[in-house]
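Quick one: this structure, given as structure tokens, is what I'll be asking you about.
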Amino acid sequence: MGGCFSKPKAAEVKVEVVLPEKERDKEELSPNGKASPLAYKSNGTARHYHHEERPNVLNPYTNPKDVVEASVCHAKDLENGQMREVDLGCGKALLIKQNGEYYALGHKCPHYGAPLVKGVLTKGRVRCPWHGACFNIATGDIEDFPGLDGLPKFQVKIEKERVYIRASKQALQSQRRTKVMAKCIALSNYSTAITNILIIGAGPAGLVCAETLRQEGFSDRIVMCTSEKYLPYDRSKLSKSMDSQADQILLRSKEFFHTYDIEVLTEIQVVNVDTKNKMVVFKDGFRMEYNKLLIATGNTPKTLMCKGKELDNVFTIRTPEDANRVVKLASSKNAVIVGASFLGMEVAAYLSEKAHSVSVVELENIPFKKFLGEKVGLAIMKMFENNRVKFYMQTEVSELREQEGKLKEVVLKSGKVLRADVCVIGIGASPTTGFLKQSGITIDSKGYIPVNKMMQTNIPGVFAAGDVVTFPLAFRNNKKFNVPHWQMAHMQGRIAALNMLAQGTEINTIPYLWTAMFGKSLRYAGNGEGFDDVIIQGDIEELKFVAFYTRNDEVIAVASMNYDPIVSKVAEVMASGKTIRKRDVEMFIHHGKTGDIAWLTGKGS
Ligand SMILES: Cc1cc2nc3c(=O)[nH]c(=O)nc-3n(C[C@H](O)[C@H](O)[C@H](O)COP(=O)(O)OP(=O)(O)OC[C@H]3O[C@@H](n4cnc5c(N)ncnc54)[C@H](O)[C@@H]3O)c2cc1C
Ligand code: FES
């Protein structure tokens, strides 16, 4: 077993930290029903923080040298509902006016640094134009994902009709704020075998769950385990910047986990979960008892079933090593990608500059046809062909041939033989739930764990989140979907944590996804499963468009390229509970009549 923490001491005391449900409800919710910060003691009682014992937060305004105050504009320069990037001399801030109030926050999205001024301002929050993270304008807190941190919040005052911002220089530089978090106070509990919260999986769902627990003041033991050898990292980069080393894409540093007492056990695989005895069994025989459990084991890439599938130089992309090795092997050589999935196409795009040849083999006749429709799929295919990628469509692999133990050729059912020094398989993935067969946790026919809106499984105290679940998607009439996106895993991890603390919080988010190929990003919000029409605005040939996916009379998803921030706008309308009608979009696009969708009139950039 590897780990962020050294192997813990032997168990001495078993500490019961469960609150009776009734008491929990009373303690954990303030009279107005909102959560308040709690600390949990190891004797099983819960208590609110005393002011002076809240985890250390530096007051940014104590030392005048660390603070800058600047007049940034005239009060009349900003209308209600407007945002503006302002310069304080040693850094910029985002100034917002809403309902007559001014707010100042960090101006860059802490996820990948998008300029939030180009995002979407709605009631009380701003949504990032790139991948849809949302920030509360009054607190800077992150309310929807991706990303882990919130925005720093700055002081604003109006004096003689001028707007002044007072900000910590350090916060202006960092442009991010990690939320106040509790630490573990259950000192006597560091046993090998007992934890309060056990999280299986150290992807975004697991990590956000652990962080949310600490943010909410949970101060008992949290153990997160992963079969990989790294602390949580940004897996979405593996197919977009394939030569990234693991330490360049870590989501949090080792020090972070130490500081907040989140134990991460690496290279350790859970092989069985005994829900009756609240215990998990690891591959090496090690056992650990838990009080509450999160299953966030993601999915496992599918492999080919044909001859030669186990050859060297045949890969699925799951770890930094996979990605790094593919880049090395493909350099000036022949690469074959099987499956025109998001992953396969991102890999093909990345390798097209490095490899001698890149071929994509796909069962369908057009890439992304089911997901994005024919027109968008064809336009993307053309972009690939213009970049030297060759497609072999409506066929599949019949054999992978070797020479001296290494891949040499990919033989297609169509009879075509492709020279191949490396082959990447991107034909989908299945939920990693095989180890749960004996657990009593319900698994559906496709291997997913069905959960309710609170991420609860059929077993009390056992939660599941991320790629491994199906859950009721509120905006699609609570039909159960599996949504294997980076954003969704974050949100579900958060909801699971809140409900481990009995906060009764239901998931209500709009799925948001992105992909990047040849320096162009495609953004997507909603859930287009079963769409029956696509309405496109813009220039699809130039890849500057927005596509609305409709079912009956309703817009159920939107995709765009070079048309920001339209997808974030649509996501905000959907998040507000409003239905976007197909006829309104058509009226707007064909006749320029905005009617009910005036929000759409700010065209893309
Ligand atoms: C190459 C690639 C690129 C992607 N790009 C994008 C993108 O651009 N946009 C997007 O929205 N999504 C993208 N995705 C999807 C996104 O990464 C997933 O939706 C997300 O990682 C799911 O998070 P998760 O926490 O559910 O699981 P994962 O991130 O898959 O993590 C699962 C964790 O469980 C652990 N685990 C599994 N089984 C066990 C076991 N038995 N015992 C112990 N530990 C176990 C694993 O080691 C891992 O730590 C991409 C995925 C891949 C593979
Ligand atoms: S840069 Fe803002 S969500 Fe990604």
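Please report, in debye to the nearest 20, how large the charge dipole of the chain is about its Cα centre when each Lys and Arg carries +1 at its beta carbon and each Asp and Glu carries -1 there.
Result for the chain is approximately 220 debye, rounded to the nearest 20.
Rounded, prolate or oblate: which fits the chain when a ≥ b ≥ c are the square roots of the eigenvalues of the alpha-carbon gyration tensor, with rounded for a/c under 1.5 and prolate only if a/b beats b/c?
Cα axes put the chain in the oblate bin.
Moving to a separate point now. Taking a virtual spin label 7 Å from the Cα of His74 along the C-beta vector, which residues in region 147-170 bring their backbone nitrogen under 12 Å of it?
Counting backbone N atoms under 12 Å from the label point, the list is 161-163.
With the Cα gyration tensor of region 465-576 giving a ≥ b ≥ c as the square roots of its eigenvalues, does the rule (a/c under 1.5 for rounded; else a/b larger than b/c for prolate; else oblate) give rounded, prolate or oblate?
Prolate is the answer for region 465-576, as a/c is 1.5 or above and a/b outweighs b/c.
Then there's this: Calculate how many DSSP beta bridges within region 301-424 are antiparallel, expressed in % of all such bridges and rounded to the nearest 5.
35 percent
Using only the Cα atoms of region 81-142, build the gyration tensor, take square roots of its eigenvalues as a ≥ b ≥ c, and label the shape rounded, prolate or oblate: rounded if a/c is under 1.5, else prolate if a/b is larger than b/c, else oblate. Each step should come with its number before you reach the end.
Details: a/c = 1.64, a/b = 1.03, b/c = 1.59.
Oblate, because a/c is 1.5 or more while a/b does not exceed b/c.
To continue, here is another question. How much length, in nm to one decimal, is gained on full extension between Glu554 and Asn387, taken as 0.36 nm per residue of separation minus their Cα-Cα distance? Don't skip to the end; give the middle numbers.
Details: separation 167, 0.36 × 167 = 60.12 nm, distance 3.61 nm.
Separation in residues times 0.36 nm, less the Cα-Cα distance, equals 56.5 nm.
How much net charge surrounds Pro565 when only other residues with a Cβ under 10 Å from its Cβ are counted (Lys, Arg +1; Asp, Glu -1)?
Once all neighbours under 10 Å are counted, the net charge is +2.
Follow-up question, since we're still on this one. Amide H of Val389: which non-local residues (sequence gap of 5 or more, or other chain) have their own amide H closer than 5 Å, using H built in the peptide plane?
For Val389, whose amide H was placed from the backbone, there are no distant partners under 5 Å.
Can you give the % of DSSP beta bridges in the chain that are antiparallel, to the nearest 5? Could the numbers behind the result be given before it?
Working: 92 of 128 bridges.
Beta bridges within the chain, antiparallel portion: roughly 70 percent.
Highest first, please rank the peptides 341-353, 89-101 by the mean number of other Cβ atoms sitting within 10 Å of their residues.
On the way: 341-353: 23.2, 89-101: 17.5.
Result, highest mean first: 341-353, 89-101.
Computed FRET efficiency, Cβ-Cβ of Glu161 and Asp539, R0 51 Å: what is it to the nearest 0.05? All intermediate terms of the calculation are to be shown ahead of the outcome.
On the way: r = 44 Å, r/R0 = 0.87.
Here the calculated transfer efficiency is 0.70.
Taking the Cβ of Glu159 as the centre, find all other residues whose Cβ is under 15 Å away and add up their charges (Lys, Arg: +1; Asp, Glu: -1). Walk me through the numbers before you get to the answer.
On the way: positive: Lys76, Lys157, Lys160, Arg162, Arg166; negative: Glu69, Asp77, Glu161.
Cβ neighbours under 15 Å give a net charge of +2.
Between Ser398 and Lys237, what is the spin-label point distance in nm, taking each point 7 Å from the Cα along the Cα→C-beta axis?
4.3 nm
Hey, with R₀ at 41 Å, roughly what FRET efficiency would Val417 and Gln245 work out to, going by the Cβ-Cβ distance, to 0.05?
Rounded to the nearest 0.05, the efficiency is 0.70.
Would you compute, from DSSP H runs of 4+ residues alone, the mean residue ellipticity of the chain at 222 nm, taking -39500 (n - 2.57) per run and dividing by the full residue count, rounded to the nearest 500?
Details: 11 runs with 106 residues, N = 605.
That comes out to -5000 deg cm²/dmol.
I've got another one for you. Which ³J(HN,Hα) values in Hz, rounded to whole numbers, follow from the phi angles of region 236-247 under the Karplus curve 6.51 cos²θ - 1.76 cosθ + 1.60, where θ = phi - 60° and Gly and Pro get x?
With coefficients 6.51, -1.76 and 1.60, one gets 5, 7, 4, 9, 10, 10, 5, 8, 5, 7, 4, 5 Hz.
Would you mind putting 483-492, 255-264 in packing order, based on average other-beta-carbon counts within 10 Å, highest first?
Working: 483-492: 25.1, 255-264: 19.4.
Ranked by mean Cβ neighbours within 10 Å, highest first: 483-492, 255-264.
How far, in nm, would the chain grow between Glu364 and Lys302 when pulled straight, counting 0.36 nm per residue and subtracting the alpha carbon separation? Could the numbers behind the result be given before it?
Details: separation 62, 0.36 × 62 = 22.32 nm, distance 1.74 nm.
Between Glu364 and Lys302, full extension yields 20.6 nm more.
For every other residue with a beta carbon closer than 9 angstrom to the beta carbon of Lys92, add +1 if it is Lys or Arg and -1 if Asp or Glu, then tell me the sum.
-1
Every number here is computed from the coordinates shown, using simple stated rules; none is lab data. Here the structure is a predicted model, which means the values were calculated and not measured. Note: ideal-geometry Cβ built from the backbone for every residue, glycine included; neighbour counts use all protein chains shown.
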